[in-house]
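Reading through the structure tokens given below for one structure.
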Protein chains: 2
Amino acid sequence: MNMNIKAIAFDAYGTLFDVHSVIEKCEELYPNKGEEISHLWRDKQLEYTWLRSLMGKYRNFWGITEDALIYSLKHLELDWNDDIITSLLNEYLHLQAHAEIPEALEALKDKVKLAILSNGSPNMLHDMVRNANMDDVFTEVISVDEVKMFKPYMGVYQLGSEKLNLPKDKMLFVSSNPFDIAGAKVYGYQVCWINRFNLQAEEFNDLDSKPDVIIQSLVDLVKII
Amino acid sequence: MNMNIKAIAFDAYGTLFDVHSVIEKCEELYPNKGEEISHLWRDKQLEYTWLRSLMGKYRNFWGITEDALIYSLKHLELDWNDDIITSLLNEYLHLQAHAEIPEALEALKDKVKLAILSNGSPNMLHDMVRNANMDDVFTEVISVDEVKMFKPYMGVYQLGSEKLNLPKDKMLFVSSNPFDIAGAKVYGYQVCWINRFNLQAEEFNDLDSKPDVIIQSLVDLVKII
């Protein structure tokens, strides 16, 4: 990795925040189904970001998260009503940061500018950051909502370097999501993969899509920045 | 459904041809793993068509099918080599038509023009159609390769009405894949879903994305065209 980094842009969902924080509320409403709901919900949420972008029919991440939840509950043949949907969706405004994140961000923000670059809608990101007491951590919280397309559309990554007014190779993009790593690297960021759960890299072997550095916890990045 | 149909455009993979025909060869090479390989391979193949399209990094369907296969074998921690990859990929040129397809196509082709509109590369589609003895069935075999994007990009569906020189609402698009049904309907085709395996429709509730007719076998369409 080239160490001449002026800013770090973080993916939010899965990287800073644990999307599976929703399991607890799912379990409360649907005992023994929490994990299954949460994983299907997340998979379908991402799939819908891709399908919507390709169809040219953007709906913001809140709407997509709702569609994906309804799909998942139907798929698992679980009863649901509007109150349940509202209650589960609201969990998305209170996702927990992964354990090492608060301390690692505090250490990093003294060294370089920090930003979020996320699929989330502006309202969702605002509430989630505020609820996690991270208001003073990020210089910019950037939502794909400005370009009405989702990752890994190149225009999304471009938004990050534009907003921070920095050349893309002077920025480090950090994500836990393999497809996001590939997209950001293809765009031209320097890229760091937080691979907490020993996931598998994507196979785009004709492209330069591999991360510059792979870590298991954001704490590891503090040591090398 | 408006019955004033001048042509039918068929999706190929999963609709006319059974993508899980590959299970037999997978089983031969990896006993007791055939079904798992086949399903992961197919899921990842579709995912890569979406991710590649969004990144603006088109690779043809043969290359994507290879990438998805390698991903799947790595994921399942199976040993592989180039011969195995070649042997499994070649199965994609010999996919079996679903049982009712040959007879139903023969009946339909006397009534309206028939075409294929598929993610497949031109070579793949050509070989698969020839190997299934369907050379004289289709007026046009249309590949997304001309637009270098995959379904459900609207330009792909547009290619169908352009090639057949017909208004989109005078064409019926037939698919078994829920995301493809949604895409074709959003584009403006009349749409028929062959739902052989009781799959679940996509949740795009703000869009007009539901099929005009749902059948379980293509034979059912012969009766209503």
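The values are calculated or read from the model by the stated rules, or taken from the named source; none is laboratory data. Everything quoted here is computed from the prediction, not taken from an experiment. In this analysis, Cβ positions are derived from the backbone assuming ideal geometry, glycine residues included, and neighbour counts consider all displayed protein chains. In case anyone asks, the SASA skips ligands and DNA or RNA and just uses the protein heavy atoms, side chains included. Shrake-Rupley method; radii C 1.70, N 1.55, O 1.52, S 1.80 Å.
Couple of notes before you dig in:
- Only one entry of A:Val147, A:Val156, A:Val174 meets the criterion of being within 14 Å of chain B (Cβ to nearest Cβ), open to solvent by less than 20 Å² (accessible area, probe 1.4 Å) and either hydrophobic (A, V, I, L, M, F, W, C) or more than 30 Å from B:Leu73 (Cα to Cα) (or both), and that entry is A:Val156.
- Taken as a whole, segment A:61-76 holds no residue that is without any contact (Cβ under 8 Å) to a residue 12 or more places away in the chain, among the charged types (D, E, K, R) and farther than 29 Å from B:Ala184 by Cα.
- Boolean, A:Ser72 is small (Gly, Ala, Ser) and either in contact with an Asp or Glu (Cβ under 9 Å, 6 or more places away or on another chain) or closer than 15 Å to A:Asp18 by Cα (or both): yes
- Flag for A:Trp41 being in contact with a Phe, Trp or Tyr (Cβ under 6 Å, 6 or more places away or on another chain), at pLDDT 95 or above, open to solvent by less than 70 Å² (accessible area, probe 1.4 Å) and aromatic (Phe, Trp, Tyr): no
- Of residues in segment A:59-74 being facing chain B (nearest Cβ under 7 Å) and within 16 Å of A:Leu29 (Cβ to Cβ), the one surrounded by the fewest Cβ atoms within 10 Å (Cβ to Cβ): A:Lys74
- Wholly enclosed helices (runs of 4 or more DSSP H) of segment A:1-114 bearing at least 1 residues farther than 24 Å from B:Asp208 by Cα: A:23-29, A:34-55, A:82-91, A:101-109
- Note on segment B:88-121: residues that are without any contact (Cβ under 8 Å) to a residue 40 or more places away in the chain, open to solvent by 10 Å² or more (accessible area, probe 1.4 Å) and under 30 Å from B:Lys33 (Cβ atoms) amount to 3.
- Only one of A:Val219, A:Val191, A:Val186 that is touching a helix residue (DSSP H, G or I) at 6+ places or on another chain (Cβ under 6 Å) and open to solvent by 50 Å² or more (accessible area, probe 1.4 Å): A:Val219
- Here A:Ile181 clears all of (1) hydrophobic (A, V, I, L, M, F, W, C); (2) under 17 Å from A:Asn60 (Cβ atoms); (3) within 14 Å of chain B (Cβ to nearest Cβ) except the condition numbered (2).
- Filter result (surrounded by fewer than 18 Cβ atoms within 10 Å (Cβ to Cβ) and among the hydrophobic types (A, V, I, L, M, F, W, C)) within segment A:1-28: A:Met1, A:Met3
- Selection of segment A:200-219 for residues being more than 16 Å from B:Ile70 (Cβ to Cβ) and of a type in the set (A, V, I, L, M, F, W, C) yields A:Val213, A:Ile214, A:Ile215, A:Leu218, A:Val219.
- The selection criterion, being within 23 Å of A:Tyr48 (Cα to Cα) and within 14 Å of another protein chain (Cβ to nearest Cβ), holds for B:Leu51.
- Candidate set: segment A:132-144, residues that are within 18 Å of A:Leu93 (Cα to Cα) and among the β-branched types (Val, Ile, Thr); chosen: the one nearest to the other protein chains (Cβ to nearest Cβ): A:Val144
- Of all the residues in segment B:184-212, those that are at the interface with chain A (Cβ under 7 Å from one of its Cβ atoms) and in contact with a His (Cβ under 8 Å, 6 or more places away or on another chain) number 1.
- Of all the listed residues (A:Asp127, A:Asp136), the sole one being farther than 30 Å from B:Glu66 by Cβ and in contact (Cβ under 8 Å) with a residue 24 or more places away in the chain is A:Asp127.
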